[in-house]
């Protein structure tokens, strides 16, 4: 099942991140894939999620550091931006073994750059430019839980 959302503004995109945080809040670990072209809103979703979990200060995509860990209300969240990886073997030096996905949240931008070496996603979010707005397609086992926290007028379900 895929859920499709119409995101008319940056605020809608940020709200999607907050809804993800709310839906998955009880989980000790989670793997979330954020896909889409440059400028599609992946970092805006990440920022909404991190803010909803109480992170203060600047939140940027870790484009150059590749990995940015955050302490979020007693849990660790690692935000990864894999855009600059040449191949999936470059994932190994990041030290991800220190962040087991059963006990940490992984928020991964550009997961397709290392898909063979990443754990399976609990939630996939694919962002697409759609005229003056964006479209978000949610998939994976936690997609329906996220949709519960969203404005139902923006959600379409595709079997």
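Every number here is computed from the coordinates shown, using simple stated rules; none is lab data. Remember, it's a predicted structure, so these values are computed and weren't measured experimentally. As a convention, Cβ positions derive from the backbone with ideal geometry for all residues, glycine included, and neighbour counts pool all protein chains shown.
A few points about this structure:
- Annotation: the antiparallel percentage among DSSP beta bridges lying fully within the chain is about 60.
- Relative packing of 95-102, 4-11, which averages over residues the other C-beta atoms within 10 Å, highest first: 4-11, 95-102
- Calculated Rg/Rh (Cα atoms, Kirkwood Rh) (choose from (i) 1.42; (ii) 0.94; (iii) 1.00), label: (ii)
- Expected 222 nm ellipticity per residue - DSSP helices of 4 or more, -39500 (n - 2.57), all of the chain, to 500: -6000 deg cm²/dmol
- Based on Cα contacts under 8 Å between residues 6+ apart, segment 23-115 shows a relative contact order of 40 percent.
- Taking label positions 7 Å along the Cα-Cβ direction at both residue 103 and residue 76, the computed distance is 0.8 nm, reported to one decimal.
- For the chain, the relative contact order is 38 percent, taking Cα pairs closer than 8 Å that sit 6 or more residues apart in sequence and dividing their mean separation by the residue count.
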